[in-house]
1. So which residues in the stretch A:357-371 are of a type outside the set (A, V, I, L, M) and outside any helix (DSSP H, G or I), if there are any at all?
2. I'd like to know if the stretch A:59-72 contains one or more residues that are surrounded by fewer than 20 Cβ atoms within 10 Å (Cβ to Cβ), of a type in the set (Lys, Arg) and touching a residue at least 40 places away in the same chain (Cβ under 8 Å).
3. Need pairs with beta-carbon distance below 6 Å; first residue without any contact (Cβ under 8 Å) to a residue 60 or more places away in the chain and within the stretch A:162-178, second among the hydrophobic types (A, V, I, L, M, F, W, C); sequence gap 6+ or separate chains.
4. Of the conditions (1) part of a helix (DSSP H, G or I); (2) within 14 Å of chain A (Cβ to nearest Cβ), B:ASP116 clears all except one; give me its number.
5. If a residue must be surrounded by fewer than 22 Cβ atoms within 10 Å (Cβ to Cβ) and either within 14 Å of chain B (Cβ to nearest Cβ) or within 19 Å of the chain's Cα centre (by Cα) (or both), how many such residues does the stretch A:8-47 contain?
6. In the stretch B:1-50, what residues are more than 14 Å from chain A (Cβ to nearest Cβ), aliphatic (A, V, I, L, M) and either surrounded by 15 or more Cβ atoms within 10 Å (Cβ to Cβ) or under 29 Å from A:PHE249 (Cα atoms) (or both)?
7. So which residues in the stretch A:171-194 are within 11 Å of another protein chain (Cβ to nearest Cβ), more than 18 Å from A:THR265 (Cβ to Cβ) and part of a helix (DSSP H, G or I), if there are any at all?
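The values are calculated or read from the model by the stated rules, or taken from the named source; none is laboratory data. Computed from a predicted structure; not experimentally measured. Counting neighbours? That spans all protein chains shown, and the Cβs are built from the backbone with ideal geometry, glycine included.
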Amino acid sequence: MELITSYGTIFLILACIFGLFMAWGIGANDVANAMGTSVGSGAITIKQAVLIAAVFEFAGAFLAGGQVTKTIRKGIIDAELLSATPELLVYGMLASLLAAGIWLLVASRFGWPVSTTHSIVGAIVGFAAVGIGVDAVHWSKVGTIVMSWVISPALAGAFSYWLFRSVQKLILNRDDPFESAKQVVPYYVFMTGFIIALVTMFKGLKHVGLEVSTVESYSYAFAFGLVIMFMSMMSVRKIKLDPAADKDFQFANVERVFGVLMVVTACAMAFAHGSNDVANAIGPVAAVIGIVQSGGEIAQKSVLPIWVLILGGAGIVAGLLMYGRRVMATIGKNITELTPSRGFAATLAAATTVVFASGTGLPISTTHTLVGAVLGVGLARGIGALNLNVVRTIFLSWIVTLPAGALMSIFFFFTLKGIFS
Amino acid sequence: MARTTISSLFGSSPVTPLQSHMSSVQECIVELIPFFKAVLKEDWSKAKEQQKKIAKLENEADKLKKKLRLHLPKSLFMPISRRDLLEVLTMQDKIANKSKDIAGIIIGRKMTFPKDVNEKLMDFVQRCIDASMQAQKAINELDELVETGFSGREVKVVQDMIKTLDDIESDTDKIQVKVRAALFKQEKDLPPVDVMFMYRVIDGIGDLADLSQRVGSRLELMLAR
């Protein structure tokens, strides 16, 4: 207890610095991946993508990021065991942040497809199991989380397959695909808005002072969906058939209509990413703050201070502006074959899956979910060529990231313990 | 800069390269028309020039073929099977090869056809080129097929094109019979070795339509998967 009171400020400052570092890393690399399908489809420019990401990552973190933060903060470790030695939890969380942040830096340097989520979960489990004791880990919760890593890409894949099939049926195979697109696209926009708003309101808005009942959630989400549907109708109406564009490729005009939808799903994706991945950076920070502010009590009930969410959001935006935009530009150049109709199916499927996971408090990998979603469209024979090597490297990165994160956090844990105690 | 997960997920689609290979093949084969016109007029310098042009265009198609093959790793996941794709590529390439062979034999032997074979022969060449043109038309629908996920109306469009291709091919068979019959009437008065090679050239021209048809039938297999 004395440790906490005497070093409290230092712990807080360290937590904020490490948290910002981690958030910066997420913004620099992860966000670019999340926005990849949107930028790659050519429906939005890099500038627009950066703007959308900055606004909606922040909104996602702020409005829907609470549940995952809670999981990272106290779902993985049994904090009861630590009530006598709360400083261990502080060291552990700091060590985890540092370990995951450094691992991400190393991995992105070499271009390995590692996930921020996997790194931080691996790190927390690592320090808890070795530094405190195997019993300190909520293994059943960890099991659920790991399961969700397998299920989320599969689910997103199934959803995107279905979405793309519906696009074929409702638009591409019609006699007049262009007119069909203009009619149907606003409904997809409605669906996007409705789902995202609903999940967010179901789970997240208490901390901003909004208590909503189930019925209210549904009606607000419905209203929100209608509003953006109306907005999309306005912009779709402006698109005029350009016969010259269809000369080489008959569906060029149809794809222009999908461009409108792509903007909406890009926002949804940034929101979803913010709601899930920001927690990786601020969950541990929140844990440290909780302990320090209560003077050493491991307060299970303390609420998440809003400024921490803002800190995470700001870190992400900083990383995005300083480094992520360049990564986005590369992605935009590399993915030229993706058309908005596919980009939309994959992005919406991934965004929905991620938002659902955020609502249930499961930290998943946005990038891997998106990969699953893209493969789903590929299975519907919608994409010219996909590189299946990526799937293999993703599996490899799972096997490597968990132990790497764990080992590093164990190392930092004992280092911090040596310094302060 | 290292490629990110999402960008390395996307390979480069083989569809556009396959289409440009076919258009390169088509460029090569249409040169047979001015070539045959020159040959039938016995304008050998012009014919020689055309033959060189054909050889050059065939070479270009060959380069495209090699490039596409090198960019098709087994790990690529495509809406069409890799085997079908390579088969189509091979067939397309054989069309160009055959054109070059035909021009080569004729130039090498300074082959002159009997007068009443001439006209039918020209028809025959033209119709075989029609076949490859139709094959190209079908191949050009591949990007639309990928866009629609190989379903619905677009499949019907391509099937109709392939049906037309089959019709053209059977047309060329009929013309080929006539050309052979015309040559048969004259063959006793011509040097036997020359006649032998004339039949070979006629077979070669017929192969052009045959290969085009096989491009179409492979494409049909792609639809069926």
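1. If the condition is that a residue be of a type outside the set (A, V, I, L, M) and outside any helix (DSSP H, G or I), then A:GLY361, A:PRO363, A:SER365 are the ones that fit.
2. Checked against the condition, which is being surrounded by fewer than 20 Cβ atoms within 10 Å (Cβ to Cβ), of a type in the set (Lys, Arg) and touching a residue at least 40 places away in the same chain (Cβ under 8 Å), the stretch A:59-72 yields at least one hit.
3. A:LEU170/A:VAL184
4. The single condition B:ASP116 does not satisfy is (2).
5. 3
6. B:MET22, B:VAL25, B:ILE29, B:VAL30, B:LEU32, B:ALA38, B:VAL39, B:LEU40, B:ALA47
7. Across the stretch A:171-194, the qualifying residue is only A:PRO177.
Quick grid of which residues meet (1) among the polar types (S, T, N, Q); (2) closer than 30 Å to A:LEU81 by Cα; (3) touching a helix residue (DSSP H, G or I) at 6+ places or on another chain (Cβ under 7 Å):
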residue: A:VAL263; (1), (2), (3): no, no, no
residue: A:HIS273; (1), (2), (3): no, no, yes
residue: A:ASN280; (1), (2), (3): yes, yes, yes
residue: A:GLY290; (1), (2), (3): no, yes, no
residue: A:VAL308; (1), (2), (3): no, yes, yes
residue: A:THR330; (1), (2), (3): yes, no, yes
residue: A:LYS333; (1), (2), (3): no, no, no
residue: A:PHE344; (1), (2), (3): no, no, yes
residue: A:ALA349; (1), (2), (3): no, no, yes
